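Below is one structure, written out as structure tokens; the observations come after it.
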Amino acid sequence: MLAADLVARIEAEVAALSGRVQEAAQLAELIRQKAWPQASPAAFVFPTGLTALSQGDAGAGYFTQAIGENWAVLLVVRAAGDITGARALPGIDALVRDVIDAVCGWAPGDEAGVFRLARGALIGAEAGRVTYQLDFVIEDQVR
């Protein structure tokens, strides 16, 4: 459910990605087909795991532990006629910032915290496309 919430949030807040954000299954299918999205820019949201944020606390028959749910947003921007993708690099900065602004400080439901940026990195700039991954974490609690 968190994936669907993230997709909806990014599509609602980032005009350039309206109708162009998909979940992990669609990315997996594109990879299987050795294809890329036809629309540009495009984004994919997928979980990247859990992180323990505390050692946990047990007492009186109860256990609590702060955890981080880690999520990635992969941005794909086509750079037609630009084999290295170098000309697209400056333009992706605004898209990266828009996604950060849309996600950071927001929580979709009853999580204990809000999303924060963990890191961002250029994944590739080749074959006429630029890919950039943003990693976010939201704090929650095991009870």
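The values are calculated or read from the model by the stated rules, or taken from the named source; none is laboratory data. Quantities reported herein were computed from a predicted structural model and do not represent experimental measurements. Glycine also receives a Cβ, built like all others from the backbone with ideal geometry; neighbour counts cover every protein chain displayed. Just the protein is used for accessible areas: all its heavy atoms, side chains included, with ligands, DNA and RNA removed. Shrake-Rupley method; radii C 1.70, N 1.55, O 1.52, S 1.80 Å.
Some points to look at:
- Residues of segment 25-51 that are of a type in the set (A, V, I, L, M, F, W, C) and open to solvent by 70 Å² or more (accessible area, probe 1.4 Å): ALA25, ILE31, TRP36, LEU50.
- Yes/no for PRO47 being closer than 17 Å to GLU126 by Cα and not hydrophobic (A, V, I, L, M, F, W, C): no
- Of all the numbered requirements in (1) without any contact (Cβ under 8 Å) to a residue 40 or more places away in the chain; (2) open to solvent by less than 60 Å² (accessible area, probe 1.4 Å), ALA88 misses one, and that requirement is (1).
- TYR132 in contact (Cβ under 8 Å) with a residue 60 or more places away in the chain and either out of contact with any strand residue (DSSP E or B) (no Cβ under 9 Å at 6 or more places or on another chain) or over 22 Å from MET1 (Cα atoms) (or both): no
- Single residue of ALA35, ALA94 found to be of a type outside the set (Lys, Arg), in a helix (DSSP H, G or I) and in contact with a helix residue (DSSP H, G or I) (Cβ under 9 Å, 6 or more places away or on another chain): ALA94
- Considering ASP93, ASP135, the condition of being open to solvent by 50 Å² or more (accessible area, probe 1.4 Å) and under 18 Å from VAL14 (Cβ atoms) is satisfied by ASP93 alone.
- Which listed residue, of LEU75, LEU117, is part of a strand (DSSP E or B), within 23 Å of ALA24 (Cα to Cα), open to solvent by 20 Å² or more (accessible area, probe 1.4 Å) and not hydroxyl-bearing (Ser, Thr, Tyr): LEU117
- The lone criterion from (1) hydroxyl-bearing (Ser, Thr, Tyr); (2) under 17 Å from ILE100 (Cβ atoms); (3) open to solvent by less than 60 Å² (accessible area, probe 1.4 Å) left unmet by SER54 is number (2).
- Subset tally (residues that are modelled with pLDDT under 90 and among the aromatic types (Phe, Trp, Tyr)) for segment 63-92: 1
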